[in-house]
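Participant: Below is one structure. I have some questions about it.
Read the figures in this text as sums done on the coordinates, not as results from a lab. Remember, it's a predicted structure, so these values are computed and weren't measured experimentally. Don't worry about glycine lacking a Cβ; one is built from the backbone with ideal geometry, like all the others, and counts go over all protein chains shown.
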Amino acid sequence: MKPDPLPPWLTVRTGSAPLVLCMPHTGTELPGELAAAYVSAWLAQRDTDWHIERLYEFAAGLDATIVRTGISRSVIDPNRDPSGASLYPGQATTELCPTTTFDGEPLYHPDRLPDAREIARRTQAYFEPYHAAIRGNIERLRARWPRVVVYDCHSIRSQIPRLFEGVLPNFNIGTFSGASCDAALTQAVEGACDGANYTRTTNGRFKGGYTTRHYGRPAAGVHALQMELACRGYLREPVGPVDAGNWPVAWDAGYAGPLRAVLGRILEACLRFAT
């Protein structure tokens with residue numbers, strides 16, 4: 001029996017290596033029935049993890065599995081707990097169906113905020129198929145490999161005072177404070193980051209979202225981590241606040257090259273750990 005076809009907004013590159021890359025925030029689609037609810041399309045798309053799918057294109061050459069949603073995180077955030085529980089209690093963050101931007105601006109017209117019924121509809125329509133693809137590929141690879149690494153791909157502007165103080169390090173590794181993967185994997189990824197002119201931290205402001213926390217089960221052979229990149233490392237990011245005139249910036253493969261080389265070492269380290 002053939003598996004059900006994927007929805008058009010969901011892209012899955014099926015590989016045989018014990019490495020699954022997840023891309024929950026690279027999408028910009030605002031489904032037609034929702035587009036008019038937002039204050040503006042630019043505001044609804046501003047917090048996208050811009051060009052991450054291009055940055056990690058090389059992962060196909062490592063035969064990694066890549067799961068990517070094309071739906072904007074402003075519609076539903078696949079990296080938030082579907083129960084609605086905050087990943088960072090006491091700190092500013094966004095919800096499963098965000099109602100504000102990272103900077104705190106309202107996303108919706110006041111009379112178009114999603115209610116509980118609408119949130120449930122979006123969860124079934126977009127959240128569940130994305131995670132079913134991740135879960136199915138983890139199970140497929142675990143049947144072949146004793147270890148599988150789930151690598152959650154993210155990026156964020158370097159300065160967002162509402163979310164964190166100062167300037168974010170280039171590489172922000174999240175392992176749910178060590179619970180989502182073996183310490184040897186964390187050390188291997190940290191080592192791959194070193195030796196280049198970049199800063200890094202582990203389990204700082206970003207400790208890993210729902211994907212990392214939900215799938216990371218080291219005792220069961222599934223090791224998950226989140227990589228949050230500060231955008232300035234691979235994009236010509238403007239300094240300070242952004243507007244529709246300067247954000248997002250165009251993809252520049254040459255500018256991204258040095259950081260992409262480090263990411264190549266990171267994914268190779270993940271594969272060495274897994275195999």
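Participant: Separation between the Val39 and Ser86 pseudo-spin-labels, each 7 Å from Cα along Cα→Cβ, expressed in nm?
Facilitator: Spacing of the two 7 Å Cα→Cβ label points: 2.1 nm.
Participant: Please tell me the relative contact order of the chain in percent, rounded to the nearest whole number, where contacts are Cα pairs under 8 Å and at least six residues apart.
Facilitator: So the answer I get is 22 percent.
Participant: Roughly how many Å is it from the Cα centre of region 36-105 to that of region 179-226, as a whole number?
Facilitator: One Cα centre to the other: 19 Å.
Participant: Right, something else. Using percent of Cα pairs over 35 Å apart as the read-out, say which of (i) 29; (ii) 20; (iii) 12 was calculated from these coordinates.
Facilitator: (iii)
Participant: If amide H atoms are built 1.01 Å from N in the plane of the peptide, which residues on other chains or at least 5 residues away come under 5 Å of the amide H of Ser155?
Facilitator: Sorted by chain and number, the residues that satisfy this are Leu229.
Participant: Tell me, Ser16, Ser74 in order of fewest to most beta-carbon neighbours within 10 Å?
Facilitator: On the way: Ser16 12, Ser74 28.
If I rank by nearby Cβ atoms, fewest first, I get Ser16, Ser74.
Participant: Another one. Which whole-Hz ³J(HN,Hα) couplings does region 220-233 yield from phi under the Karplus relation 6.51 cos²θ - 1.76 cosθ + 1.60, θ = phi - 60°, glycine and proline marked x?
Facilitator: So the J values, rounded to whole Hz, are 9, x, 10, 10, 10, 8, 10, 10, 9, 9, 6, 4, 5, x.
Participant: Amide H of Cys181 versus every other amide H placed in the peptide plane: which residues, excluding those fewer than 5 positions away on the same chain, fall under 5 Å?
Facilitator: Long-range HN contacts for Cys181: Ala224.
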